[in-house]
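Novice: Handing you a structure now.
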Amino acid sequence: MLDVVKDLLILLVGSSLVSNVVLSQFLGLCPFLGVSKKVDTAAGMGGAVIFVITIASAVAAVIYKFILVRFDITYLQTIVFILVIAALVQFVEMFLKKFVPALYQALGVYLPLITTNCAVLGIALTNVQKNYGIGFSIASGLFTAVGFMIAIVILAGIREKMEYNDIPESFQGMPIVLITAGLMAIAFCGFSGLL
Amino acid sequence: MSDTNNEARQSSMEVFFNGLVKENPTFVLALGMCPTLAVTTSAINGLGMGLTTTAVLVLSNVIISLLRHIIPNRVRIPAFIVIVASFVTMVELLLEGFIPSLYSALGIYIPLIVVNCIILGRAESFASKNPVIPSFFDGLGMGLGFTVALTAIGAVRELIGAGELFGAPVINNILAAISSIIGRSEPIEYVPVSIFVLAPGAFFVLAALTALQNRVKRKMQEKGKNVDKIQSGCSSDCTSCSDSGCAHRFVDVNGAPGSVSLAKNAADKSNGKKEE
C-alpha cells in the first residue's frame with residue numbers, strides 16, 4: 001500500500017512538473033500558445049484538457065489491455081487510439097450537453113478544440129510504452145494534464161502583464177511568447193532536482 | 001499531346017517548388033511545430049524525422065488523391081486519419097526493423113506524425129482536390145521542405161549546443177587548426193552552450209526564427225506585396241492561430257454542429273459578456 005502511494009507521488013511530481021508535457025515534451029503546443037491570452041480562458045482550457053486526457057487515457061488503457069493485447073494486434077495501437085480519442089471527444093461533448101449542462105457551459109467551448117490535440121494521443125501512447133496498468137494510466141493522464149494546466153495558467157498570467165510592455169516590433173506576438181515559454185522551461189528544469 | 005504533357009510536367013515542378021520554398025511548411029506556414037521543437041536536438045534526428053514525415057506525406061497524398069471521388073465528403077476527415085495512421089504504423093514498423101537507432105531517438109514522435117498539421121492539412125487542402133501526380137509532387141515538395149527546415153534547425157542547435165555537426169566535432173577541429181596555426185601548445189576548447197540541446201533552447205531558436213519571419217513579412221508588406229497564405233489547410237500559421245492550432249481539421253469547418261468556427265464565436269461571445 002505504502003509503495004503504491006510512493007509510486008503515485010513520484011508519478012505526480014514526475015509527470016506534472018519534471019517532465020512537463022508542454023515545456024519539456026512539446027506536446028499540446030498549439031492550445032498552449034493559442035489559448036493563453038487571458039487567465040480565465042486558459043484555466044477553462046486547462047480544465048477541459050484535464051477532463052479529456054483523464055478519460056481518454058482510461059479508455060485507451062482499457063482498450064489496449066482487453067482488446068489489443070488479447071487479440072495480439074498491438075501494432076494497430078496508433079490507428080485505434082486516434083479514432084477512439086476523436087470519437088470519445090465528440091461523445092463527451094454530446095453527453096455533457098445533454099446531462100451536465102453546467103459543466104458543458106464551463107468546458108464545452110474548448111472541447112472541439114482538443115479533439116485530436118497531440119498531447120492526448122501522446123499520453124495514451126506513453127502509458128502503453130511505459131507498461132502502466134489501468135489505474136496508473138489514469139493517474140498518469142490526470143497528473144500530466146494538471147502539468148499542462150499549471151503551465152498554461154502561468155503563461156497566461158505572464159502574458160496579461162506583458163500587454164503593457166514595450167516589445168521590439170519583430171518580437172511582438174508569437175516570438176515573445178515563445179521566449180517566455182523558454183524561460184519557463186528553464187525554471188521547470190529546476191524541478192528535476194526533486195526526484 | 002506533347003503540349004499537355006509539358007504543361008503537366010511544368011505544373012508538377014511548380015507544385016514541388018511551391019512546397020519546398022514558397023510555402024515551406026515550417027518557415028512560412030509554421031505547421032507541425034511539435035516535432036519541429038522536439039526532435040531537432042541534432043541535425044541527424046531532424047533529417048530522420050523529416051524523411052519519415054516525407055514518406056508518410058507522399059504515400060498518404062497519393063492514396064487520398066486516388067480515393068478522392070470515393071470518400072464521401074461528410075466522413076472525409078476520419079477516412080484521412082485512418083489512411084495516414086496506417087502509413088505511420090507501416091513506417092514505424094519499418095524503422096523499428098531497419099534503423100533501430102533512429103527509431104529509439106525519435107521515440108513517441110513517430111506515431112505522433114498522425115496528428116502532424118502538415119499531413120492532414122495537405123490531404124484536406126490539396127490531395128483531396130487534385131489528381132494523383134500533382135498530389136505526389138505536392139507531398140514530396142512539402143515533405144522535403146519540412147526536412148530541410150528540421151535539418152537546418154537541428155544543425156544550429158547541435159552546433160551551438162554540442163559543438164558538433166552530424167556527430168563530427170566541427171568547432172573543436174577548427175579551433176585545433178587555428179591554435180596550431182597561431183602556435184599554441186594546448187588547443188583552445190569550445191565550451192558547448194548545452195541549453196540549446198535542452199528543451200528551453202528549442203523555444204529560443206523558434207522564437208528567433210519567428211521574429212525573423214515577422215520582419216521579412218513586414219518588409220514585404222511595406223513593399224505592398226500580398227503575404228496571405230495560399231491554399232493551405234490552416235490558412236494562417238499555426239502559431240498565431242487563435243483556435244488552438246489546426247483543430248478545425250477534425251471537425252467540419254462549414255458551420256456543422258460542434259465546429260470550431262461556432263465554438264470560436266461562442267467563446268468570443270462569452271468573453272464579450274464577461275467584459276460587459
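The values are calculated or read from the model by the stated rules, or taken from the named source; none is laboratory data. All values derive from a computational prediction rather than experimental measurement. Methodologically, a virtual Cβ is constructed for each residue, glycine included, from the backbone with ideal geometry; neighbour enumeration extends over all protein chains shown.
Novice: Looking at A:Ala87, A:Ala187, which is the one that is modelled with pLDDT under 85 and not acidic (Asp, Glu)? Can you show your working first?
Specialist: On the way: A:Ala187 fails: modelled with pLDDT under 85.
One residue alone meets the criteria, A:Ala87.
Novice: Restricting to the stretch B:45-63, give me the number of residues that are surrounded by fewer than 24 Cβ atoms within 10 Å (Cβ to Cβ), touching a Leu at 6+ places or on another chain (Cβ under 8 Å) and not polar (S, T, N, Q).
Specialist: The initial filter retains those residues of the stretch B:45-63 that are surrounded by fewer than 24 Cβ atoms within 10 Å (Cβ to Cβ), namely B:45, B:47, B:51, B:54-55, B:58-59, B:62-63.
Right, trim to touching a Leu at 6+ places or on another chain (Cβ under 8 Å) and you get B:45, B:47, B:54, B:58.
Restricting the remaining residues to those that are not polar (S, T, N, Q) gives B:47, B:58.
So the count comes out to 2.
Novice: When the stretch A:26-37 is examined, which residues are found to be more than 11 Å from B:Phe203 (Cβ to Cβ) and within 7 Å of chain B (Cβ to nearest Cβ)?
Specialist: Scanning the stretch A:26-37 gives A:Leu27, A:Cys30, A:Pro31, A:Gly34, A:Val35.
Novice: On to the next question. Looking only at the stretch A:63-73, decide whether some residue is part of a helix (DSSP H, G or I) and surrounded by 19 or more Cβ atoms within 10 Å (Cβ to Cβ). Full working, then the answer.
Specialist: Filtering the stretch A:63-73 down to residues part of a helix (DSSP H, G or I) leaves A:63-68.
Filter once more, so that each one left must be surrounded by 19 or more Cβ atoms within 10 Å (Cβ to Cβ): A:64.
For the stretch A:63-73, residues part of a helix (DSSP H, G or I) and surrounded by 19 or more Cβ atoms within 10 Å (Cβ to Cβ): present.
Novice: Here's another thing I want to ask about it. Could you tell me which of the residues B:Phe87, B:Phe137 is more than 14 Å from chain A (Cβ to nearest Cβ) and of a type in the set (Phe, Trp, Tyr)? Lay out the reasoning, then the answer.
Specialist: Values: B:Phe87 fails: more than 14 Å from chain A (Cβ to nearest Cβ).
After applying the criteria, what remains is B:Phe137.
Novice: Do we find a residue being within 13 Å of chain A (Cβ to nearest Cβ), modelled with pLDDT of 90 or more and under 14 Å from the mean Cα position of the chain (by Cα) anywhere in the stretch B:43-62?
Specialist: yes
Novice: Which condition number does B:Arg74 fail, the rest of (1) crowded, with 24+ Cβ neighbours inside 10 Å; (2) farther than 19 Å from B:Gly154 by Cα being met?
Specialist: Here B:Arg74 clears every test but (1).
Novice: What single numbered condition from (1) under 26 Å from B:Glu92 (Cβ atoms); (2) modelled with pLDDT under 80 fails to hold for A:Ala106?
Specialist: Of the numbered conditions (1) under 26 Å from B:Glu92 (Cβ atoms); (2) modelled with pLDDT under 80, the odd one out for A:Ala106 is (1).
This table checks each residue for (1) within 12 Å of chain B (Cβ to nearest Cβ); (2) loosely packed, with under 15 Cβ neighbours inside 10 Å; (3) hydroxyl-bearing (Ser, Thr, Tyr); (4) touching a residue at least 40 places away in the same chain (Cβ under 8 Å).
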site: A:Gln77; (1), (2), (3), (4): yes, no, no, yes
site: A:Ile82; (1), (2), (3), (4): yes, no, no, no
site: A:Ile123; (1), (2), (3), (4): yes, no, no, yes
site: A:Asn127; (1), (2), (3), (4): yes, no, no, yes
site: A:Lys130; (1), (2), (3), (4): yes, yes, no, no
site: A:Phe148; (1), (2), (3), (4): no, no, no, yes
site: A:Ile152; (1), (2), (3), (4): yes, no, no, yes
site: A:Glu163; (1), (2), (3), (4): no, yes, no, no
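Novice: Can I ask one more? Does A:Gln105 meet the test of being assigned to a helix (DSSP H, G or I), more than 8 Å from chain B (Cβ to nearest Cβ), farther than 16 Å from A:Val21 by Cβ and polar (S, T, N, Q)? Steps first, please.
Specialist: On the way: assigned to a helix (DSSP H, G or I): yes; more than 8 Å from chain B (Cβ to nearest Cβ): yes; farther than 16 Å from A:Val21 by Cβ: yes; polar (S, T, N, Q): yes.
For A:Gln105, the condition - assigned to a helix (DSSP H, G or I), more than 8 Å from chain B (Cβ to nearest Cβ), farther than 16 Å from A:Val21 by Cβ and polar (S, T, N, Q) - is met.
Novice: Exactly one condition in (1) without any contact (Cβ under 8 Å) to a residue 60 or more places away in the chain; (2) more than 14 Å from chain A (Cβ to nearest Cβ) is not met by B:Arg76; state its number.
Specialist: (2)
Novice: All but one of (1) buried (at least 19 other Cβ atoms within 10 Å of the Cβ); (2) facing chain B (nearest Cβ under 9 Å) hold for A:Gln90; state the number of the condition that does not hold.
Specialist: (1)
Novice: Also: When the residues of the stretch B:157-215 are filtered to those that are assigned to a loop (DSSP other than H, G, I, E, B) and within 14 Å of another protein chain (Cβ to nearest Cβ), which remaining residue is nearest to A:Leu27 (Cα to Cα)?
Specialist: Initial filter on the stretch B:157-215 (assigned to a loop (DSSP other than H, G, I, E, B)): B:163-164, B:166-167, B:169, B:182-193, B:197-198.
Checking the rest, the ones that are also within 14 Å of another protein chain (Cβ to nearest Cβ) come to B:193, B:197-198.
Values: B:Val193: 24, B:Val197: 17, B:Leu198: 15 Å.
Step by step, filter the stretch B:157-215, then rank; the result is B:Leu198.
Novice: Sticking with this structure for a sec: Considering only the stretch A:1-20, state which residues are outside any helix (DSSP H, G or I) and at pLDDT below 85. Steps first, please.
Specialist: The initial filter retains those residues of the stretch A:1-20 that are outside any helix (DSSP H, G or I), namely A:1, A:19-20.
Within the stretch A:1-20, just A:Met1 meets the criteria.
Novice: Can I ask one more? Taking the options B:Gly139, B:Gly97, name whichever one is small (Gly, Ala, Ser), on the phi < 0 side of the Ramachandran plot and crowded, with 19+ Cβ neighbours inside 10 Å. Walk me through how you get there before you give the answer.
Specialist: Working: B:Gly97 fails: crowded, with 19+ Cβ neighbours inside 10 Å.
Testing whether each residue is small (Gly, Ala, Ser), on the phi < 0 side of the Ramachandran plot and crowded, with 19+ Cβ neighbours inside 10 Å leaves just B:Gly139.
Novice: Mind listing just one residue for me: the one in the stretch B:181-217 that is surrounded by 14 or more Cβ atoms within 10 Å (Cβ to Cβ) and charged (D, E, K, R) and, of those, farthest from A:Ser19 (Cα to Cα)?
Specialist: B:Lys217
Novice: While we're here: For the stretch A:165-195: of the residues being of a type in the set (A, V, I, L, M) and touching a Phe, Trp or Tyr at 6+ places or on another chain (Cβ under 7 Å), which is surrounded by the most Cβ atoms within 10 Å (Cβ to Cβ)?
Specialist: Narrowing the stretch A:165-195 to residues of a type in the set (A, V, I, L, M): A:167, A:174, A:176-179, A:181, A:183-187, A:194-195.
Within this subset, residues satisfying the condition of being touching a Phe, Trp or Tyr at 6+ places or on another chain (Cβ under 7 Å) are A:178-179, A:181, A:185.
Values: A:Leu178: 26, A:Ile179: 20, A:Ala181: 28, A:Ala185: 23.
For the stretch A:165-195, the residue satisfying everything is A:Ala181.
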